[in-house]
Amino acid sequence: MSQADVSLAGGPSDPTMRRLEQGLMAKPRFVTLTKLDAPLRWSPGSAARAFEGGDPVPLQDEPTTDLAPGTNDPVSSRPTRPLTPSAYGVFIRTDALAELARKVRAVDDLSPSLDEDQRVVVANLRHATDRLTRAWIIRQAEIARRDDTLADLILVLDDHLRMPPPEGESTSDSDDLNYLRWLAGYPMPMPQVRRYEARFAEFVASQSEQAD
């Protein structure tokens, strides 16, 4: 697969791909690595695993709400739309989330040249995108903890886990970050541990229900 093919499939840009291939990025950003998984048909976290010397895991076909022509059967393939509605909610494709985060960062870079009202709007947009990204990261961490593959994900998330909550985040946002840290094995006060154990148990139960 060429660099252009990867980029067209939602992967990193050609300059970023060249830097990766030439070893000029000592520690690629989490979003950069996740943007490689979908074009290469790898499961989430595989690009990060490969970067650390491990083996990528091929992506299993996932059902979408698209129907095969002339039938009532879902087509088992990578979702063709960035947003896919289902009985369990609305799914956003990984590459679409990464692209959204990239565009929001670009807008955020303009903040110094904006007036106060515009900066408030940009800050709110950034916080909303951060919540979406964190929700996706938490789900990957829950899956990894359930499947006992968390070590691979922690290698990529280490910097993210050590960062304090961004300014302006709510109590709920801070709790989500602490839940992510608990999933990764960070020690927490016992009242939080019990609450996070219950939250994780709910996730495992919901996955079992969807599989039935």
inquiry  = Going by amide H atoms built from the backbone, whose H comes under 5 Å of the H on residue 42, apart from near neighbours?
reply    = 59
task = Calculate the spin-label point distance for residue 193 paired with residue 162, positioning each point 7 Å from the Cα along the beta-carbon direction, and give it in nanometres.
result = 2.4 nm
task = For each of 33, 150, count neighbouring Cβ atoms within 10 Å of the residue's Cβ, then give the residues from fewest to most.
result = 150, 33
query = Spin-label point model (7 Å from Cα, Cβ direction): what's the residue 173 to residue 114 distance in nm?
reply = 1.4 nm
key: Difference of contour (0.36 nm per residue) and Cα-Cα distance, residue 55 to residue 25   = 8.8 nm
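Every read-out reported here was derived from the displayed coordinates using simple, explicitly stated rules and does not represent laboratory data. Just so we're clear, the structure is a prediction, and the values are computed from it rather than from any experiment. Because the Cβ atoms are built from the backbone with ideal geometry, glycine has one as well, and the counts that use them run over all protein chains shown.
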